[in-house]
Amino acid sequence: MYEEVSNFTVDPPVQGFLHRPLSPSGDGLILTHGAGGNAQMALLVALAEAFAGAGFMVIRCNLPFRQKRSFGGPGRGDAVRDREGLKNAVAAMRKLASGRVFLGGQSYGGRQASMLLADEPVADGLLLLSYPLHPPGKPEQLRTEHLPRLRVSTLFVEGTRDPFGTMEEIEAARKLIPAKTELLTVEGAGHDLGFKGKTKSAELPGRVLGTFQQLFG
């Protein structure tokens, strides 16, 4: 079960869905979506339910660009504002969770989360789902320039057939991060990690949760 949550007193606003755990651990997690998705993505819903079941307070949030328009990807000028939106979401979670607060996102959302934390370590750890290491077919256009500044522990969850980055490329990117990292691979999955349309990977949320708990204790 979850409830809608919004805070329009801050700019950019925080808007999304809140999962309250029955037995709170004190920790919180913010999840956000990729360039073509929203906070109702099946992957985010499944992960939010798994983490809430383990005691996490979870917010699935719509990035500011998605709050402005219900379809289409972010524009060139949206990234900075999207990062500010994630920063505001972390601040909102700090008021709900007494313990650690983690930030996570799928594809574009994960990239913006990582860039935010590289500049301002406002969260205690990072969950990257299908990190878009480079555009498909353009391995020379690596999106790694900020990774050496990322000083929070990070969990990568990557499909072995993701055109945005091979496992070898992801491993090389991990080595740029001067903090503890872990890689969870999803065999045979593409950029959607097995959550495409009505097709869902039933075991993935539990695997992500288990690996996350091992990394962060």
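Observations on the structure shown:
- The amide H of Phe56, built 1.01 Å from its N in the peptide plane, has Ser25 as neighbours under 5 Å, considering only residues 5 or more places off or on other chains.
- Under the membrane-span-like helix rule (DSSP H runs whose alpha carbons stretch at least 15 Å along the helix axis, mean Kyte-Doolittle hydropathy -1.0 or higher), the chain yields 42-53, 79-94, 108-119, 204-216.
- For Tyr2, Tyr108, the sequence from fewest to most other C-beta atoms within 10 Å is Tyr2, Tyr108.
- Panel order for Ile170, Ile177, by other beta carbons found within 10 Å of each beta carbon, from fewest to most: Ile170, Ile177.
- Of all aspartates and glutamates in the structure, the ones whose alpha carbon falls short of 18 Å from that of Lys95, not counting any fewer than 8 places away in one chain, are Glu3, Glu4, Asp11, Asp27, Glu84, Asp124.
- Taking θ as phi - 60° and the Karplus parameters 6.51, -1.76 and 1.60, the scalar couplings of segment 178-189 work out to x, 8, 5, 10, 9, 10, 10, 9, 10, 4, x, 8 Hz in sequence order, x denoting glycine and proline.
- Mean separation of Cα contacts under 8 Å, 6 or more apart, over the residue count of segment 1-112: relative contact order %: 35 percent
- Length gained on full extension, Glu4 to Leu176: 58.2 nm, using 0.36 nm per residue less the C-alpha separation.
- Over 20 Å [Cα-Cα, segment 159-217], rounded percent: 34 percent
- Listed peptides 37-47, 4-14 by packing density, highest first (mean Cβ within 10 Å): 37-47, 4-14
- Relative contact order, percent, the chain [alpha-carbon distance under 8 Å, six or more residues apart]: 17 percent
- The value given for segment 3-216 is a Kirkwood hydrodynamic radius of 16.9 Å, derived from the mean inverse Cα-Cα separation.
- Estimated [θ] at 222 nm from DSSP helical runs (n ≥ 4, -39500 (n - 2.57)) normalised by residues in the chain, nearest 500: -9000 deg cm²/dmol
- Projected label distance in nm at Met167 and Lys68, using a 7 Å step from Cα toward the beta-carbon: 4.0 nm
- The GluC sites (Glu not before Pro) of segment 117-176 meeting both criteria, a DSSP state outside H, G, I, E and B (loop) and at most 16 other C-beta atoms within 10 angstrom of the site's C-beta, are Glu140, Glu145.
A short reminder: the numbers here are calculations on the coordinates, not readings from a lab. Just so you know, these numbers come straight off a predicted model, no measurement behind them. Here Cβ is always computed from backbone atoms with ideal geometry, including for glycine, and neighbour counts include all displayed protein chains.
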